[in-house]
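Heads up, the thing below is written out as structure tokens.
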Amino acid sequence: MKISARNVFPGKVTQVKIGAVNSEVDLTTNSGVKIVAVVTNESVKSLGLAVGRDVMALIKASSVLVMLEGKDVKLSARNCLSGKITKVAEGPISAEVSIALPGGGAIHATITHDAAKELGLKAGVAATAVFKAQSVILAVSA
């Protein structure tokens, strides 16, 4: 399988909460990161999502925000993954920011060049990747 999503996290489903239309699916990645996804109930059924099921969480880099000094910030986004910036690749319009996560792995964000400059993003800076549960796409092996 080839995909365009920059962030791919293999893991296992740890909880499924069924709602009227959508379900909340909690998973723990192979490196121990916890991710929450919101998908339709039809997707839960068609993908066979249940506790223990192997799954991949896919997140486009353009759906990831970068936050600095967010210790006391309250957000509605369910996913806040903290680590250290390892790389900032700057272009004239956009910048790609790579954040190493504890336990291994990394998450990548594509933000505007101006935002990267204003935040002073550079390797070694502590940062948090923030993304909504609705931005997570789940995939399973066929």
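Taking the Cβ-Cβ separation of Ala20 and Lys74 as r and a Förster radius of 30 Å, what is the calculated FRET efficiency to the nearest 0.05?
Efficiency at R0 = 30 Å is approximately 0.70.
Tell me which label goes with the value of Cα extents along the principal axes in Å computed from the coordinates here: [x] 49, 30, 22; [y] 40, 31, 24; [z] 44, 36, 27.
[z]
Lysine pairs in the stretch 61-131 with Cα distance under 21 Å, only those 8 or more apart or on different chains: how many are there?
Within the stretch 61-131, the lysine pair count is 7.
In deg cm²/dmol, rounded to 500, what helix-only [θ] at 222 nm does the chain give when every DSSP H run of at least 4 residues adds -39500 (n - 2.57) and the total is split over its residues?
Value at 222 nm, helices only: -2500 deg cm²/dmol.
Using a 7 Å offset from the Cα along the Cα-to-Cβ direction at both Val140 and Glu42, what is the distance between the two label points in nm, to one decimal?
For Val140 paired with Glu42, the spin-label model returns 1.7 nm.
Let me know the Rg and Dmax you get for the stretch 47-101 when you use only its Cα atoms, in Å.
In Å, with Rg to one decimal and Dmax whole: 14.8, 44.
Calculate the tail of P(r) for the stretch 66-135: the fraction of all Cα-Cα distances greater than 13 Å, expressed in %.
Tail fraction, whole percent: 62.
Quick one: Cα centre-to-centre distance for the stretch 107-142 and the stretch 69-88, in angstrom?
9
No lab work stands behind these numbers, since they all come straight from the coordinates. Keep in mind that what you see is a predicted model, and the values were worked out from it rather than measured. As a convention, Cβ positions derive from the backbone with ideal geometry for all residues, glycine included, and neighbour counts pool all protein chains shown.
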